[in-house]
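Data block below; observations after.
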Amino acid sequence: MSEEINKFPQLASSSQFIPYISKEEINGMVSSLANTISKKYENEDLIVIGILKGSTFFLADLVRQIRNVNLLIDFALFDSVGRTKEEVGTIRIKQDIKSNVRGKNVLIVQEILQSGRAATFLRDRLMISKPRNVEMVTLFNKPYQRVTDFSPSFIGKEIDDHFVIGYGLDLDQYGRNFKEVYYLKYPN
Ligand code: IMP
Ligand code: MG
């Protein structure tokens, strides 16, 4: 691994980030997900909706490997307050989708799924427009603090209950551009 993280002192605790998932492993997961999704939606229409900003890197790599699916790309941006299981959590739409999902297959794309609140909020918002079907793909799944029952149909990898950055995932907006994924090791 390149350990590109060590070059960025603005991540105050950069020395506490440990290489976790390599570029090669990510590529393998993305290819495998793209194959599965291609088979599932072969020769069908599909609206792929990325939840900004974290999903953009994964989405870009994923859709370029999906074959024989007539797909459109859209995005939504949410503001969420309250991430723990105990907090109720409030979600606001900051940028809504632009496409009409009525009668369409929709695939929600997340880079990581934790509580499930953002994806469930989007799913419920989409249901008003009567899509044909709404499924979700997440690259990383952290099921430990899940508060909703909207399960991803496609999962790249189940990971431990770590805080991770890289490949779209940020710590206070930094680290999204790292090619590899690092986890935060808490000092004991
Ligand atoms: P949730 O499933 O609604 O809790 O939201 C998942 C969102 O929380 C992701 O899109 C990320 O923005 C953020 N998130 C969850 N876990 C992590 C992490 O380990 N690192 C960075 N962001 C995370
Ligand atoms: Mg974030």
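The values are calculated or read from the model by the stated rules, or taken from the named source; none is laboratory data. Note that the structure is predicted; figures quoted are calculated from it, not measured. Please note: Cβ atoms are built from the backbone with ideal geometry, for glycine as well, and neighbour counts cover all protein chains shown.
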Checklist entry - Which residue pairs have Cβ atoms under 8 Å apart, sit 6 or more places apart or on different chains, and have a first residue in segment 89-104 that is closer than 18 Å to Tyr41 by Cα and a second that is of a type in the set (Ser, Thr, Tyr)? => result Val101/Ser129; Arg102/Ser129
Item to check | Matching residues in segment 19-31 - criterion: being surrounded by fewer than 16 Cβ atoms within 10 Å (Cβ to Cβ) and either closer than 24 Å to Arg123 by Cβ or within 13 Å of ligand 1 (Cβ to nearest atom) (or both) | outcome: none
Checklist entry - Are any residues in segment 123-149 more than 16 Å from ligand 2 (Cβ to nearest atom) and aliphatic (A, V, I, L, M), and if so, which ones? => result Leu126, Met127, Ile128, Val134, Met136, Val137, Val147
Next on the checklist: Given (1) touching a strand residue (DSSP E or B) at 6+ places or on another chain (Cβ under 7 Å); (2) of a type outside the set (Asp, Glu); (3) part of a loop (DSSP other than H, G, I, E, B); (4) within 8 Å of ligand 1 (Cβ to nearest atom), identify the lone condition not met by Gln110.
Outcome noted: (3)
Item to check | Tabulated pairs, segment 139-150, first closer than 22 Å to Thr90 by Cβ, second among the polar types (S, T, N, Q) and within 16 Å of ligand 2 (Cβ to nearest atom), C-beta under 6 angstrom, 6+ apart or interchain | outcome: Lys142/Gln114; Gln145/Gln114; Gln145/Ser115; Val147/Ser115
Checklist entry - Pick from segment 150-188 the residues that are surrounded by 18 or more Cβ atoms within 10 Å (Cβ to Cβ), within 15 Å of ligand 2 (Cβ to nearest atom) and assigned to a loop (DSSP other than H, G, I, E, B): which of them is nearest to the chain's Cα centre (by Cα)? => result Gly168
Item to check | Residue that is farthest from Glu158 (Cα to Cα) [pool: residues in segment 90-114 that are within 16 Å of ligand 2 (Cβ to nearest atom) and within 12 Å of the chain's Cα centre (by Cα)] | outcome: Val109
Checklist entry - Has segment 71-85 got at least one residue that is farther than 28 Å from Ile165 by Cβ, touching a residue at least 12 places away in the same chain (Cβ under 8 Å) and over 16 Å from the mean Cα position of the chain (by Cα)? => result yes
Next on the checklist: Just to be sure I understand, how many residues within segment 61-89 are at pLDDT 70 or above and more than 13 Å from ligand 1 (Cβ to nearest atom)?
Outcome noted: 14
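Among the residues that make up segment 38-57, is at least one of them away from ligand 1 (no atom under 16 Å from the Cβ), surrounded by fewer than 19 Cβ atoms within 10 Å (Cβ to Cβ) and of a type in the set (S, T, N, Q)?
The first filter runs over segment 38-57 and keeps only residues away from ligand 1 (no atom under 16 Å from the Cβ), leaving 38-47.
Adding the requirement that they be surrounded by fewer than 19 Cβ atoms within 10 Å (Cβ to Cβ) leaves 38-40, 42-45.
This time we only want the ones that are of a type in the set (S, T, N, Q), so: 38, 43.
Within segment 38-57, one or more residues are away from ligand 1 (no atom under 16 Å from the Cβ), surrounded by fewer than 19 Cβ atoms within 10 Å (Cβ to Cβ) and of a type in the set (S, T, N, Q).
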Checklist outcome for this item: Only one of Glu158, Glu135 is among the acidic types (Asp, Glu), modelled with pLDDT of 95 or more and either farther than 24 Å from Ile97 by Cα or touching a helix residue (DSSP H, G or I) at 6+ places or on another chain (Cβ under 6 Å) (or both), namely Glu158
Item to check | segment 58-70 - residue that is assigned to a helix (DSSP H, G or I) and without any contact (Cβ under 8 Å) to a residue 60 or more places away in the chain and, of those, surrounded by the fewest Cβ atoms within 10 Å (Cβ to Cβ) | outcome: Ala60
